[in-house]
């Protein structure tokens, strides 16, 4: 079955699902913020396992209200408790509100296929968001903690984290949802048919051996 993408129908479905996702995401957002904070904190602790107490699991991260009264993911280095940094939760989650409508608006062969694709897309998005926050935290440690940054991070590592931070901040909300969506539906968006499964060729029936019939007939006449 070929599932073409009709632009008008897709656009109408996208607008409808975008509105529904925006409305439904608000009550879910606080719980998701805590989940994302938990996953990122534990991921960072895995990268910070060290015998050096100056490097061993130094990240402290929790959800707090920002100065604007919005929930944010706050983090700080254990050795520098006065340097508290925050990331607004809606900045990180904005790509979810776009990704979900994109995944639901495109045609699918069945509801099962649609939900499987959505699950894969959300899993990839969560991984991307965890990496996004982690790179931001590492960039802060590598460049904004004075002497500590120069003692424990080499020049190329400082530049690498700084570039990674700029990259993910520029790409996360705008392009990552489209990249995930297009990657999952690549063939469908290009109009390619799935590879047809050719049925196994039927083996022609074997001709019956008529010699046995002739012998039986001859035996009957003789008798």
Considering only helices (runs of 4 or more DSSP H) wholly within the stretch 116-190, the ones with at least 2 residues that are closer than 30 Å to residue 82 by Cβ and in contact with a helix residue (DSSP H, G or I) (Cβ under 9 Å, 6 or more places away or on another chain) are 147-152, 155-184
Those residues of the stretch 28-42 which are closer than 19 Å to residue 97 by Cβ, out of contact with any strand residue (DSSP E or B) (no Cβ under 8 Å at 6 or more places or on another chain) and without any contact (Cβ under 8 Å) to a residue 60 or more places away in the chain amount to 28, 31, 35
By residue number, the members of the stretch 79-118 that are loosely packed, with under 14 Cβ neighbours inside 10 Å and within 15 Å of the chain's Cα centre (by Cα) are 115, 116
So the strands (runs of 3 or more DSSP E) completely within the stretch 49-111 holding 2 or more residues that are under 28 Å from residue 27 (Cβ atoms) and touching a residue at least 60 places away in the same chain (Cβ under 8 Å) are 71-77
Return a yes/no flag: does the stretch 19-31 have any residue that is under 20 Å from residue 140 (Cβ atoms), surrounded by 11 or more Cβ atoms within 10 Å (Cβ to Cβ) and modelled with pLDDT of 90 or more. no
The one condition residue 41 fails out of (1) surrounded by 12 or more Cβ atoms within 10 Å (Cβ to Cβ); (2) modelled with pLDDT under 95; (3) out of contact with any helix residue (DSSP H, G or I) (no Cβ under 7 Å at 6 or more places or on another chain) is (2)
Restricting attention to the stretch 61-78, the residues that are surrounded by 15 or more Cβ atoms within 10 Å (Cβ to Cβ) and at pLDDT 90 or above number exactly 8
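The values are calculated or read from the model by the stated rules, or taken from the named source; none is laboratory data. Quick caveat, the model's predicted, so the values are computed rather than measured. Positions of Cβ are backbone-derived with ideal geometry, glycine not excepted, and every protein chain shown enters the neighbour counts.
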